[in-house]
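Enquirer: Below is the structure I would like to discuss, written out as structure tokens.
The values are calculated or read from the model by the stated rules, or taken from the named source; none is laboratory data. Computed from a prediction, not measured in an experiment: that's the story for all the values here. Note that each Cβ is placed from the backbone with ideal geometry, even for glycine, and that neighbours are counted across all protein chains shown.
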Amino acid sequence: MQILRTTSDNLDFQNLVKKLDVYLAKIDGEDHAFYNQYNKINTLKNCIVIFDNEKPVACGAIKSIDQNTMEVKRMFTLPEYRGKGFAASVLKELEIWAKELGYEKTVLETGKKQIEAIALYKKCNYEIIPNYGQYAGIENSVCFEKIVKNINRVEL
């Protein structure tokens, strides 16, 4: 497994996100347009792509939402690579990067229908929080938070 820190200009990241959007359109159904408006990638500066034998298989990104908080965005693993630890590795690297940049916590949103994602975030010690920002009051959203200011690479 190789981990690449990059930006949203990276073509491997862009191609994985296109597959993510197709996947989410199926899961979200008529709610997809609402969520999609908050998932633009043209300005993401902190993106991760994970490779398995030089093939891009998973991605994720973080973006600042205030001076203490980074939001985890665009988490995706190719279906045939799920259950092998790639998503957890993306998340761990994003948490480390957020801490290195001086942020105290990461937050994220996922849909209630995304059972695997919810299980991943709970397994990675994310706590459910009240829906924040644009997700406040959205019935289908579940929001999570993790304090990263005290973590060490070894603890992850």
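Enquirer: Criterion first (out of contact with any Leu (no Cβ under 6 Å at 6 or more places or on another chain) and in a helix (DSSP H, G or I)) does E93 satisfy it?
Expert: Answer is yes for this residue.
Enquirer: Just to be sure, is L78 closer than 24 Å to Y23 by Cβ and either charged (D, E, K, R) or surrounded by 19 or more Cβ atoms within 10 Å (Cβ to Cβ) (or both)?
Expert: Criteria not met by L78.
Enquirer: Any residue in the range 16-26 that is outside any loop (DSSP other than H, G, I, E, B) and modelled with pLDDT of 95 or more?
Expert: yes
Enquirer: Now, a different point. So which residues in the range 94-134 are farther than 17 Å from G60 by Cβ and of a type in the set (S, T, Y)?
Expert: The one that is farther than 17 Å from G60 by Cβ and of a type in the set (S, T, Y): Y132.
Residues checked against (1) over 16 Å from I3 (Cβ atoms); (2) under 14 Å from the mean Cα position of the chain (by Cα); (3) modelled with pLDDT of 95 or more:
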residue	(1), (2), (3)
M70	yes, yes, yes
T77	no, yes, yes
A88	no, yes, yes
T106	yes, yes, yes
K123	yes, no, yes
E127	yes, no, yes
N140	yes, no, no
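Enquirer: Right, another one. Restricted to the range 81-109, and to residues that are in contact with a Ser or Thr (Cβ under 6 Å, 6 or more places away or on another chain) and farther than 17 Å from E127 by Cβ, which residue is surrounded by the most Cβ atoms within 10 Å (Cβ to Cβ)?
Expert: Among them, the one singled out is A87.
Enquirer: In addition: Which members of the range 114-128 meet the condition of being of a type outside the set (G, A, S) and surrounded by 15 or more Cβ atoms within 10 Å (Cβ to Cβ)?
Expert: Once the filter is applied, which keeps residues that are of a type outside the set (G, A, S) and surrounded by 15 or more Cβ atoms within 10 Å (Cβ to Cβ), the range 114-128 yields Q114, I118, L120, Y121, C124, Y126.
Enquirer: Restricting the range 142-155 to residues that are modelled with pLDDT of 85 or more and of a type in the set (A, V, I, L, M), which is surrounded by the most Cβ atoms within 10 Å (Cβ to Cβ)?
Expert: Restricting to residues being modelled with pLDDT of 85 or more and of a type in the set (A, V, I, L, M), the top hit is V148.
Enquirer: In the range 1-15, how many are surrounded by 13 or more Cβ atoms within 10 Å (Cβ to Cβ) and either in a helix (DSSP H, G or I) or in contact with a Gly (Cβ under 8 Å, 6 or more places away or on another chain) (or both)?
Expert: Number satisfying all stated conditions: 4.
Yes/no per residue for (1) hydroxyl-bearing (S, T, Y); (2) closer than 18 Å to M70 by Cα; (3) without any contact (Cβ under 8 Å) to a residue 24 or more places away in the chain; (4) in a strand (DSSP E or B):
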| site | (1), (2), (3), (4) |
| --- | --- |
| A98 | no, yes, no, no |
| G102 | no, yes, yes, no |
| V107 | no, yes, no, yes |
| T110 | yes, yes, no, yes |
| K113 | no, no, no, no |
| N125 | no, yes, yes, no |
| N131 | no, yes, yes, no |
| Q134 | no, yes, no, no |
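Enquirer: Out of the residues in the range 36-52 meeting the condition of being modelled with pLDDT under 95 and not β-branched (V, I, T), tell me which one is surrounded by the fewest Cβ atoms within 10 Å (Cβ to Cβ).
Expert: Taking the candidates together, the pick is N42.
Enquirer: When you check C59 against the structure, is it surrounded by fewer than 19 Cβ atoms within 10 Å (Cβ to Cβ) and in contact with a strand residue (DSSP E or B) (Cβ under 8 Å, 6 or more places away or on another chain), yes or no?
Expert: Answer is no for this residue.
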